[in-house]
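In what follows, a structure is listed as structure tokens, so that the remarks can point back to it.
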């Protein structure tokens with residue numbers, strides 16, 4: 001019975017997300033037509049994330065190690081254990097953003113309008129696709145649009161989840177552009193929705209999101225990329241272990 005209720009809640013959450021998208025679709029469509037409107041597209045996405053999460057009784061408790069200057073451009077690197085991580089980043093990160101997402105989500109009606117406009121898709125099995133994705137990310141960052149990229153590249157199969165090895169791309173890019181990395185730890189989102197929620201279902205609850213202080217890259221060279229990657233990994237892993 002418990003698993004049945006959790007699976008029913010997961011379908012309810014999907015319904016609320018789809019309904020919210022449908023209600024706001026005219027605005028999403030209008031704002032997705034031109035890059036100059038993407039800031040407003042992100043504002044509507046943030047509103048949809050908040051509505052669908054709240055309607056499903058998912059609440060995000062967001063803490064900052066120090067106040068974040070949202071006027072700056074960042075490369076945001078969160079850990080990834082749940083589909084709710086996308087909603088939580090949409091709510092927690094306050095500036096104009098692009099997500100880097102796997103290309104398979106292009107067929108997902110909940111994400112496709114964003115992936116075909118403001119966000120960036122990547123086939124991680126293709127070196128050419130990865131190269132093009134990071135070139136696009138570089139263009140966006142130079143225009144002042146913060147990049148949100150999950151450096152693990154996927155949600156792992158382990159349950160309970162562990163932090164998997166990070167990819168190099170976001171750290172090299174941060175150094176090349178001399179932009180700060182903003183590490184984010186999702187401590188317990190997987191408790192209420194692990195992975196997609198289809199295996200174990202979901203339940204209402206509070207998700208704790210911890211935004212670490214930015215790590216500056218000014219003065220670093222590409223030779224420092226591994227050091228930077230390891231520093232961010234250890235910060236997130238140590239915080240994640242506290243949950």
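Key figures
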{"read-out": "In the range 118-136, residue modelled with the highest pLDDT [restricted to those that are in a loop (DSSP other than H, G, I, E, B) and within 20 Å of residue 155 (Cα to Cα)]", "value": "119"}
{"read-out": "Some residue of the range 186-195 being within 17 Å of the chain's Cα centre (by Cα) and on the phi > 0 side of the Ramachandran plot", "value": "yes"}
{"read-out": "Residues that are surrounded by fewer than 20 Cβ atoms within 10 Å (Cβ to Cβ), under 20 Å from residue 52 (Cβ atoms) and touching a helix residue (DSSP H, G or I) at 6+ places or on another chain (Cβ under 6 Å), drawn from the range 166-215", "value": "203, 205"}
{"read-out": "Subset tally (residues that are surrounded by fewer than 15 Cβ atoms within 10 Å (Cβ to Cβ) and more than 20 Å from the chain's Cα centre (by Cα)) for the range 218-237", "value": "7"}
{"read-out": "Of all residues in the range 147-165 being at pLDDT 95 or above and closer than 14 Å to residue 122 by Cα, the one that is surrounded by the fewest Cβ atoms within 10 Å (Cβ to Cβ)", "value": "152"}
{"read-out": "Restricting the range 2-30 to residues that are within 26 Å of residue 137 (Cα to Cα) and in contact (Cβ under 8 Å) with a residue 40 or more places away in the chain, the residue that is surrounded by the fewest Cβ atoms within 10 Å (Cβ to Cβ)", "value": "29"}
{"read-out": "Subset of the range 201-226 [under 20 Å from residue 184 (Cβ atoms) and free of Cβ contacts under 8 Å to residues at least 60 places away in the same chain]", "value": "215, 216, 217, 225"}
{"read-out": "Any hit, the range 39-50, residues being over 30 Å from residue 181 (Cβ atoms) and either free of Cβ contacts under 8 Å to residues at least 40 places away in the same chain or outside any loop (DSSP other than H, G, I, E, B) (or both)", "value": "no"}
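Quick grid of which residues meet (1) at pLDDT 95 or above; (2) touching a strand residue (DSSP E or B) at 6+ places or on another chain (Cβ under 7 Å); (3) closer than 17 Å to residue 240 by Cα:
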residue: 58; (1), (2), (3): yes, yes, no
residue: 65; (1), (2), (3): yes, yes, yes
residue: 73; (1), (2), (3): yes, yes, no
residue: 96; (1), (2), (3): yes, yes, no
residue: 104; (1), (2), (3): no, no, no
residue: 107; (1), (2), (3): no, no, no
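Yes or no, residue by residue, for (1) in contact (Cβ under 8 Å) with a residue 12 or more places away in the chain; (2) out of contact with any helix residue (DSSP H, G or I) (no Cβ under 8 Å at 6 or more places or on another chain); (3) closer than 19 Å to residue 235 by Cα; (4) surrounded by fewer than 21 Cβ atoms within 10 Å (Cβ to Cβ):
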{"position": "56", "(1), (2), (3), (4)": "yes, no, no, no"}
{"position": "85", "(1), (2), (3), (4)": "yes, no, yes, no"}
{"position": "92", "(1), (2), (3), (4)": "yes, yes, yes, no"}
{"position": "110", "(1), (2), (3), (4)": "yes, no, no, yes"}
{"position": "118", "(1), (2), (3), (4)": "yes, no, no, no"}
{"position": "123", "(1), (2), (3), (4)": "yes, no, no, yes"}
{"position": "128", "(1), (2), (3), (4)": "no, yes, no, yes"}
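The values are calculated or read from the model by the stated rules, or taken from the named source; none is laboratory data. The structure displayed is predicted, hence computed values, not measured ones. Every residue, glycine among them, receives a Cβ derived from its backbone with ideal geometry; neighbour counts consider all protein chains shown.
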